[in-house]
1. Could you tell me how many of the residues in the stretch 283-293 are surrounded by 21 or more Cβ atoms within 10 Å (Cβ to Cβ) and within 23 Å of Pro225 (Cα to Cα)?
2. Can you name the number of the only condition in (1) surrounded by fewer than 16 Cβ atoms within 10 Å (Cβ to Cβ); (2) of a type in the set (Lys, Arg); (3) under 30 Å from Phe152 (Cα atoms) that Arg461 fails?
3. Being open to solvent by less than 30 Å² (accessible area, probe 1.4 Å), closer than 19 Å to Leu249 by Cα and of a type in the set (D, E, K, R) narrows it down to one of Glu448, Glu424, Glu400, so name that one.
4. Just need a number here: residues in the stretch 22-36 that are surrounded by fewer than 17 Cβ atoms within 10 Å (Cβ to Cβ) and in a strand (DSSP E or B).
5. Kindly state which helices (runs of 4 or more DSSP H) lie completely within the stretch 389-484 and contain at least 1 residues that are within 30 Å of Ala151 (Cβ to Cβ) and in contact with a strand residue (DSSP E or B) (Cβ under 8 Å, 6 or more places away or on another chain).
6. Output the residues belonging to the stretch 107-125 that are assigned to a loop (DSSP other than H, G, I, E, B) and touching an Asp or Glu at 6+ places or on another chain (Cβ under 6 Å).
7. Filter the stretch 321-331 down to the residues that are touching a residue at least 12 places away in the same chain (Cβ under 8 Å) and surrounded by fewer than 17 Cβ atoms within 10 Å (Cβ to Cβ) and list them by number.
8. What pairs can you find where one residue is in the stretch 22-49 and closer than 19 Å to Trp94 by Cβ and in contact (Cβ under 8 Å) with a residue 24 or more places away in the chain, the other is part of a loop (DSSP other than H, G, I, E, B) and open to solvent by 20 Å² or more (accessible area, probe 1.4 Å), and their Cβ atoms are less than 6 Å apart, with a gap of 6+ or different chains?
Amino acid sequence: MAIKSGKQYIEQIDRQNINIWYKGSRIEGSLSEHPAFRGLIQTQADLYDMQCDERYTDQMTYLSPDTGERVGLSFLPPRNVEDLQKRRTMMELWSNRHHGFLGRAPDYMNTAIMSLYTAADILEEHNPIYAENLRTYYKYCRDHDITLSHAFIQPYSCKISAQQDDEDDSIAAKVIEINDEGMVVSGAFMMATQGATCEEILVFPTPSPTMYRDVNPYAFAFAVPNDLPGMTFICRESYGASSTYDYPLSARYEEMDTLVIFDRVLVPHDRVFYYGDEAYAGRLFSESHFHTHIAHQMTIRFIVKTEFMLGLLESLADEQNVGLEPHMIMNVSKIIAFLETFKALRLASEQGASQDKFGYFVPAASPLFASSLLFSKFYTEMVDMIQLLGSSSLIMIPSELDFHSYSGPYLNQYLKGTTTEARERLALFRLAWELGASSFGGRQTQFERFFFGNAQTVAFRMYNHFDQHDQLQSRITDLINKKQ
């Protein structure tokens, strides 16, 4: 096996028999034909086709050290700065294709499983079988181009139950049985973004502590196909639609979020990465530099999405003949400043990369965490700029069907621009409306605000990775105590 094409991706998704529910009914038939998933699946199929395109072979793939076949570059564990740059080039190509709107494009989870793989050695002391399981699973994902999702977060009620209820009565995700075939897991997870449009799901919750057992049933990590018996996916309402004119973003980039239920799901032993000792959850995340590698992929996407927002704002300004007005130049310049900041932070992370204790190169963390801290706040500012500039034109936006009706001639006459026909002008404002005022746009804003955790979590991550606190305070102390 090697890299897969878009056709193979679609066939693999349709081949699964997922227990998936949408608006009170179980989805039957091909998922790729369902209106809630069709646009996204086609978009991701296009991404997979890119890496099969001979024009991108060297930029998007490398030779598997085990099979000699071409595999995706986002699986590459970086051994030097050049590897980091290769990874960046590949991820830029995919991000530019989806304009930064797919927060869970395949390279996100490819990066996640790659980072965990680099720290598999720490599991040797816990259980050598778990270490080998993780290494084997990473290679399986790489060499079969597995589309992976993840479930890390538990619903509020589960977290409270883990704190207040006896372990036997708790509804928190836990291992309830170990047998010859594997471990049996029950619990619920959210937000498994793209949980239904992937082949497998990585489950890695933050474990609750236990006071009653030496082996913590809340502490585990595993990966399984998402159509195992006992697994149920419950979808939120879709924000997508079929018309790319009326809904140019959601018709292509609507990523479904799901609640995933595990009801006595049997996880095979060879898919378990650790179990029973909560210390290894923290160690795997920290010693694999999970958040740093992920933040590198995120910052690349931030840059592309900021470029898209800048292009949209300037297009709206020009359409309304205000592109050279002072307030517009101020807003555009502000976005340019942030764009250049994100580019500089990404470059600084690569130039400041260093080798970890396992021999892999890791980008400098502080620039990347600064990027995530800044973007979560600045994204809402860019949305505000688009809302204010679009004004009432974001509301009076007839649909594509209106142009083919009795109303068409009136629209062509009264809704045209200075240099654009009505259909072209309205297409631009429909795009701005989707981003600034629609359900899809609202979900995007909320997603970017909390993409890497809440504001406090992101701030603590930034604070804890900055290593000059004492040094800078010493400068102040030295100056105060310095005698003339």
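The values are calculated or read from the model by the stated rules, or taken from the named source; none is laboratory data. No experiment lies behind these values; they were computed from the predicted model shown. A quick note on method: Cβ atoms are made from the backbone with ideal geometry, for glycine too, and the neighbour counts reach across all protein chains shown. Side chains included, ligands, DNA and RNA excluded: accessible areas come from the protein's heavy atoms. Shrake-Rupley method; radii C 1.70, N 1.55, O 1.52, S 1.80 Å.
1. Here the count works out to 1.
2. With respect to (1) surrounded by fewer than 16 Cβ atoms within 10 Å (Cβ to Cβ); (2) of a type in the set (Lys, Arg); (3) under 30 Å from Phe152 (Cα atoms), Arg461 is out only on (1).
3. Numbers: Glu424 fails: open to solvent by less than 30 Å² (accessible area, probe 1.4 Å); Glu400 fails: open to solvent by less than 30 Å² (accessible area, probe 1.4 Å).
After applying the criteria, what remains is Glu448.
4. Qualifying residue count, the stretch 22-36: 2.
5. Values: elements: 400-403, 408-414, 422-436, 439-449, 455-465, 469-481.
Fully inside the stretch 389-484 and qualifying: 455-465.
6. Just the residues of the stretch 107-125 that are assigned to a loop (DSSP other than H, G, I, E, B), to begin with: 119, 125.
The one that is assigned to a loop (DSSP other than H, G, I, E, B) and touching an Asp or Glu at 6+ places or on another chain (Cβ under 6 Å): Ala119.
7. So in the stretch 321-331, the residues touching a residue at least 12 places away in the same chain (Cβ under 8 Å) come out as 321-322, 328, 331.
Across the stretch 321-331, the qualifying residues are Asn321, Val322.
8. As it stands, the answer is Gly39/Gly240; Tyr48/Ser5; Asp49/Ser5, since those pairs meet every condition given.
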